[in-house]
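Below is one structure, written out as structure tokens; comments come after it.
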Amino acid sequence: MCGIVGYIGKRDVVSVLLKGLTNLEYRGYDSAGMALQDCGEIKIYKTLGKLVNLKNELENKKSELKHPSSGIGHIRWATHGSPSLVNAHPHTCSCGKLVVVHNGIIENYKELREELIKKGCVFRSQTDTETIAHLVADEYANTKNLEEAVRNSVKKLQGAYAVCVIHKDAPDIIVGARKHAPMLVGIGDGENFIASDTPAIIEYTKRTIYLDDNEIAVISQNSVKVTDINGHEVIKKVETLPWEPVALSKLGFKHFMLKEIYEQSDVIRNLLNGKLYDIDECVKLDEVKIDKEILKNLNKIEIIACGTSLHAALAGKYIIEDFAGISVEVEASSEYIYRKTTTNASTLVIGVSQSGETADTITAIKQAKAKNSHVLIITNRPDSNMARLADSLIPVNAGIEVSVAATKSYTAQLISFYLLAIHLAEIKGSMEKSYLKNIKHELIQLPSKIEEILSNTSNIKECARKYSSYKNFIYIARGINLATAYEGALKLKEISYINATGYPAGELKHGPIAMLDETMPVLSILMPGGITYEKVLSNSEEAKARNAKLIALTSSDDKNIDALFDVVIRIPKISEILSPALTCVPLQLLAYYIAEFLGKDVDQPRNLAKSVTVE
Ligand code: F6R
């Protein structure tokens with residue numbers, strides 16, 4: 001949510017900030033803005049909507065700029081105050097000399113605002129962020145030291161913030177501070193960067209310092225200083241980013257989402273590499289740092305996640321319970337944090353998150369840690385805040401996912417659950433070796449089966465064309481593919497804005513069936529040979545009897561369904577327990593093509609942001 005980038009150095013400041021913001025645009029696109037230190041003046045540019053508008057504005061106003069030496073930029077995902085020009089960042093103090101960009105939510109902003117108004121501050125926006133600008137300016141009036149002013153101010157803030165501050169009278173520095181929102185410093189030669197996330201700086205440097213909560217960074221052209229909330233200097237580790245800039249290229253695909261869907265076979269190969277070599281050998285999961293004896297006797301696992309990661313977690317429950325016979329609870333992080341849980345020291349808590357920055361999941365993980373549980377994090381971002389909280393960490397290594405709709409990270413999370421479940425089963429001896437051998441064999445074959453699906457998508461495209469004008473969809477499944485039904489419906493909803501809901505197929509007749517008629521396509525996920533096949537087929541018949549259009553997602557060996565369904569989408573033959581790793585792919589494509597036919601903004605759907613860093 002919201003992206004921040006700051007730069008000080010000899011390059012073209014506007015280009016560096018625009019490039020950084022472009023690579024952060026997945027974090028929000030309600031408005032964009034930039035403040036530049038330009039030969040003794042601070043110049044501010046803001047536009048509504050996507051970053052392209054700011055690019056055009058800056059292009060038109062190029063002649064106004066002399067030689068900017070530093071600046072801070074922002075893209076907004078609106079929380080407090082509507083997406084309007086007046087609410088767009090950067091925000092300034094009353095006199096305009098001090099400028100702030102912010103990601104997060106200041107919970108006590110109303111009280112602070114009232115106090116500052118009493119002191120004579122003039123507020124222009126409805127944002128919580130503007131309070132920070134006035135607060136720091138008020139402190140600066142006393143200290144005449146920007147770092148001190150920021151430190152004194154953040155002590156008064158409640159909530160979450162990553163802020164960058166510049167002042168007209170301190171043109172050689174940018175000050176950043178964070179609490180419960182990500183922020184890092186990029187170290188260059190004769191230049192430095194500060195940003196919400198690594199993609200903002202990857203084009204320029206791989207050397208990074210991750211700020212921790214309550215730390216304050218002061219960057220100048222040739223120095224970086226980090227202090228704690230009391231002003232004591234903190235010696236930070238300089239880490240090297242694992243990403244390459246090419247990861248941020250569409251590589252000829254029309255959208256990042258399509259590119260990321262096509263990357264899934266390689267993602268699985270990568271993930272299996274080093275963990276599953278041979279079906280006769282045990283899965284190697286050295287990442288799980290729990291004593292084998294403890295794992296053997298483990299009787300409860302809790303998985304916490306949001307959105308797509310929550311759907312992967314739901315599939316994970318089925319997989320772990322099936323292979324390892326351990327009871328698994330799955331819960332949305334936002335629910336977990338507001339109830340009395342039974343989590344304790346003998347519970348293994350698994351947090352699943354693509355970004356590793358989802359605020360609700362981070363809070364939930366902290367709560368679990370406070371109860372002394374072992375916390376295992378499955379994430380695509382081993383450099384994230386969540387990863388730093390982990391006792392054990394499974395990095396899914398899917399590569400940077402740019403499209404807001406998660407695709408390849410979902411598949412990678414699923415594969416992580418298969419590996420984890422096999423690992424647990426092998427430790428506990430809970431499954432026949434021959435059964436696990438078959439599973440491993442199928443896992444190794446998954447990448448080529450995904451390639452088979454991706455090599456011919458005309459049927460899915462045709463289905464998308466046929467149904468793109470429908471306003472409501474129901475996705476049904478039973479058992480492990482219920483997670484697929486939820487995830488497929490979410491994909492369609494988020495990128496095409498069509499109302500799509502996933503239901504357990506058996507629940508259809510307990511209410512939702514009332515909605516069915518010829519305007520409501522029902523997509524059924526069937527796995528021939530699986531324990532739920534016959535039942536989902538009968539539930540589909542019930543839908544047909546109410547005139548619903550029927551779409552089947554089934555495997556190539558399903559011979560007896562063509563008469564019942566209007567459209568049949570097939571995947572290669574696979575066992576039911578492993579099928580979610582394949583069934584998700586056509587549903588990602590179906591959502592993609594429908595959104596494409598409707599002319600939607602596939603990679604940046606409205607109202608969404610990829611990294612949900614507010615609760
Ligand atoms: C949907 C999507 C979101 C995220 C959710 C959790 O395509 O991307 O539903 O899955 O916001 O994000 P992470 O996985 O980063 O914790």
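The values are calculated or read from the model by the stated rules, or taken from the named source; none is laboratory data. None of the values given here were measured: they were computed from a predicted structure. When we count neighbours, we look across all protein chains shown, and the Cβ atoms used for this are built from the backbone with ideal geometry, even at glycine. Accessible surface is based on the protein model in full, side chains and every heavy atom, while ligands, DNA and RNA are left aside. Shrake-Rupley method; radii C 1.70, N 1.55, O 1.52, S 1.80 Å.
A few notes on this one:
For (1) among the aromatic types (Phe, Trp, Tyr); (2) more than 19 Å from residue 163 (Cα to Cα), each residue gets a yes or a no:
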site	(1), (2)
7	yes, no
11	no, yes
19	no, yes
43	no, no
50	no, yes
57	no, yes
77	yes, no
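- Qualifying residue in the stretch 429-439 (condition: crowded, with 20+ Cβ neighbours inside 10 Å, farther than 30 Å from residue 594 by Cα and in contact (Cβ under 8 Å) with a residue 40 or more places away in the chain): yes
- For the stretch 148-155, the count of residues that are closer than 15 Å to residue 226 by Cα, open to solvent by 10 Å² or more (accessible area, probe 1.4 Å) and in a strand (DSSP E or B) is zero.
- Qualifying residue in the stretch 486-493 (condition: surrounded by fewer than 22 Cβ atoms within 10 Å (Cβ to Cβ), in a strand (DSSP E or B) and within 16 Å of the ligand (Cβ to nearest atom)): no
- Filtering the stretch 443-471 to residues that are among the charged types (D, E, K, R) and part of a helix (DSSP H, G or I) leaves 449, 451, 452, 461, 462, 465, 466.
- Verdict on residue 581 being away from the ligand (no atom under 16 Å from the Cβ), under 28 Å from the mean Cα position of the chain (by Cα) and surrounded by 23 or more Cβ atoms within 10 Å (Cβ to Cβ): yes
- Residues considered: 372, 344. Of these, the only one that is on the phi > 0 side of the Ramachandran plot and away from the ligand (no atom under 12 Å from the Cβ) is 372.
- Residue match in the stretch 292-309 (condition: within 12 Å of the ligand (Cβ to nearest atom), surrounded by fewer than 19 Cβ atoms within 10 Å (Cβ to Cβ) and not in a helix (DSSP H, G or I)): no
- Count - residues of the stretch 500-525 that are away from the ligand (no atom under 16 Å from the Cβ) and open to solvent by 10 Å² or more (accessible area, probe 1.4 Å): 16
- For residue 543, the requirement of being assigned to a helix (DSSP H, G or I) and touching a helix residue (DSSP H, G or I) at 6+ places or on another chain (Cβ under 9 Å) is met.
- Residue 365 meets the conditions (1) over 23 Å from residue 275 (Cα atoms); (2) modelled with pLDDT of 95 or more; (3) more than 14 Å from the ligand (Cβ to nearest atom) in every case but one. The failed one is (3).
This table checks each residue for (1) free of Cβ contacts under 8 Å to residues at least 12 places away in the same chain; (2) open to solvent by less than 20 Å² (accessible area, probe 1.4 Å); (3) of a type in the set (D, E, K, R); (4) not in a helix (DSSP H, G or I).
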site: 356; (1), (2), (3), (4): no, yes, no, yes
site: 363; (1), (2), (3), (4): no, no, no, no
site: 368; (1), (2), (3), (4): no, yes, no, no
site: 386; (1), (2), (3), (4): no, yes, no, no
site: 398; (1), (2), (3), (4): no, yes, no, yes
site: 404; (1), (2), (3), (4): no, yes, no, yes
site: 412; (1), (2), (3), (4): no, yes, no, no
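- Screening the stretch 1-44 for residues that are open to solvent by 30 Å² or more (accessible area, probe 1.4 Å) and farther than 14 Å from residue 58 by Cβ and picking the one that is modelled with the lowest pLDDT gives 30.
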